[in-house]
Amino acid sequence: MNQIAESPLTARRSGPLHGRLRVPGDKSISHRALILGALSVGETRISGLLEGEDVINTAKAMRRLGAIVLREGAGFWSIHGVGVGGFAAPADALDFGNSATGCRLAIGAVAGCPITATFDGDASLRKRPMQRVLDPLERIGAKATAAAAGGRLPLTLAGARDPIPIVYEPPVASAQLKSAVLLAGLGAPGETVVIEAEATRDHTERMLVHFGAEVRVEPHGTHGRRITLTGQPELNPAAVAVPADPSSAAFPLVAALITPGSDVILESVMTNPLRTGLLTTLREMGAAIEILDVRNEGGEEIADLRVRASALKGIDVPAERAPTMIDEYPVLSVAAAFADGTTTMRGLKELRVKESDRLAATADMLRVNGVEAEIAGDDLMVAGKRRAAGGGRVATHMDHRIAMSALVMGLASEQPVGVDDAAFIATSFPGFVDLMRSLGANMA
Ligand code: S3P
């Protein structure tokens, strides 16, 4: 288990934020590049890898499963993979720290191999539901034994000797769940099909194609997709250039919107349409965000974002947009506090099972700083008064995004905003505080 010392931090009202910066590499793509590299035969080279604790834990897990994973320089990594079905049984438990993405994707990858492995994580990850992943993987032929109810960690998984291709309709919109099934399906003969009612981030599908697998993606219903993977491919190593993470860019972006006089450029941010729900929403609220120099890097669309402080108005955010901005609600709710009028965010059930109960943690973060917030069913309502009193100390519950959202709020609040523990920011956004300070943010 990772032991991270608690470290409180406070953000204070700041002058205008100015400057250009590139936030670290995308977390979703970084995990997937390591896992697909480990399942390829030969050397995969990655640049711009996110060197946050979550991704480092995935790198260590791939090593324990038999891949050679080397750090060659800042963000530059090389992996000599073992091929589809080639994982070796690890001697010790694989520890994924705070990361459900690393853990669930690795569980999927192991489920399609004839080995047994034990999966574990920190106190936050041990609370998160794993049964949702184990259900389809057991249909594929894997067998799981978990000590706790709900398939929670630590759990031991015996991968399938002869994986069975399945047709699977996930009961929740989850890219992790979809990806776990596709990664397990790599080991099965024939076609593994995932039918999503709501399309979720498609990095696994895109990257599988990039590594030489055959994947067909067709529309399904109004918002969904049908994804068909042909099993037992030979995955070929492929270079991966990891673009800047839009979920990390969200923090300086909202900070610039709510801090009067700010003008900031965020460079090379991935603008994959299944990740841009926050941009759509903020622009509807009246945010001045220019999307500049749209280009393609490593199979993903990227752009520079120019963000200027803006007068925002409250809006209704529809439930069907949630999969395209699932990680952005805490920081959106901060923008909503500084807007004029109520913002209603609908369909947030999945937020209850993130690194914390993020729905409750977000409402508490706002309330403790004098912002009215109400949870009704799966919806969150924030009463925007174009100000926040601040003065509160936010309980982060081992959740990096709650910590960063609270600190962003403090930059424009009347009184300072403190967080009990900023240590978990390092899971996804190493260097957050220094980057924010380089723009002029007052955080100490
Ligand atoms: C992720 C999927 C999402 C997201 C997480 C990253 C991924 O989780 O919240 O931060 O990389 O597939 P769910 O699949 O649980 O929605």
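No lab work stands behind these numbers, since they all come straight from the coordinates. Keep in mind that what you see is a predicted model, and the values were worked out from it rather than measured. Counting neighbours? That spans all protein chains shown, and the Cβs are built from the backbone with ideal geometry, glycine included.
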_Show me, for segment 395-407, the HN-Hα J-couplings you get by feeding each phi into the Karplus relation (A = 6.51, B = -1.76, C = 1.60, θ = phi - 60°), rounded to Hz, glycine and proline as x._
7, 8, 6, 6, 10, 4, 6, 5, 4, 5, 4, 4, 5
*With no solvent and one point per C-alpha, what does the Debye sum give as log10 I(q)/I(0) for segment 98-186 at q = 0.13, 0.20, 0.24 Å⁻¹?*
-0.34, -0.83, -1.20
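First check a/c for segment 304-444, with a ≥ b ≥ c the square roots of the eigenvalues of its C-alpha gyration tensor; if it is under 1.5, answer rounded, and if not, answer prolate when a/b is larger than b/c or oblate otherwise.
Numbers: a/c = 1.39, a/b = 1.20, b/c = 1.15.
Rounded, because the longest to shortest axis ratio a/c is under 1.5.
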*Convert each backbone phi in segment 427-442 into a coupling constant with the Karplus relation 6.51 cos²θ - 1.76 cosθ + 1.60 (shift: θ = phi - 60°), then list the ³J(HN,Hα) values in order as whole Hz, x for Gly and Pro.*
5, 10, 9, x, x, 3, 5, 5, 5, 5, 4, 5, 8, x, 6, 9
*Positive end of the charge dipole of the chain (Lys, Arg +1 and Asp, Glu -1 on Cβ, about the Cα centre): tell me which of Ala109, Val331, Gln131 has its Cα farthest that way.*
Val331
*asked:* Let me see the P(r) profile for segment 100-247: every Cα-Cα distance counted, bins of 10 Å, each bin given as a percent of all pairs.
replied: 12, 42, 35, 11, 0
*asked:* Give the separation of the Cα centroids, segment 348-417 to segment 5-64, in Å.
replied: 24
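Mind checking segment 333-384 for GluC sites (Glu not before Pro) that DSSP puts in a loop (not H, G, I, E or B) and that have at most 11 other Cβ atoms within 10 Å? Working shown, then result.
Values: sites: Glu350, Glu355, Glu372, Glu374; in loops: Glu355, Glu372.
Nothing satisfies the criteria.
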*When DSSP assigns beta bridges and you keep just the ones with both residues in segment 48-203, what percent turn out antiparallel, to the nearest 5?*
75
*How many lysine pairs in the chain, separated by 8 or more positions in sequence or lying on different chains, have Cα atoms less than 29 Å apart?*
24
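Note down the magnitude of the dipole of the chain about its Cα centre, charges +1 on Lys and Arg C-beta and -1 on Asp and Glu C-beta and zero elsewhere, to the nearest 20 debye.
Details: 45 positive and 51 negative charges, 78 e Å.
Roughly 380 debye for the chain.
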*Please sort 325-333, 285-293 by packing, taking for each peptide the average over its residues of neighbouring beta carbons within 10 angstrom, highest first.*
325-333, 285-293
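Within 9 Å, Cβ to Cβ, of Val317, how many net charges do the neighbouring residues add up to if Lys/Arg are +1 and Asp/Glu are -1?
Values: positive: Arg321, Arg346; negative: Glu284, Asp316.
Residues close to Val317 contribute a combined charge of 0.
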*When the chain is fully extended, how far beyond the present Cα-Cα distance does Ala148 get from Leu274, taking 0.36 nm per residue of separation?*
42.0 nm
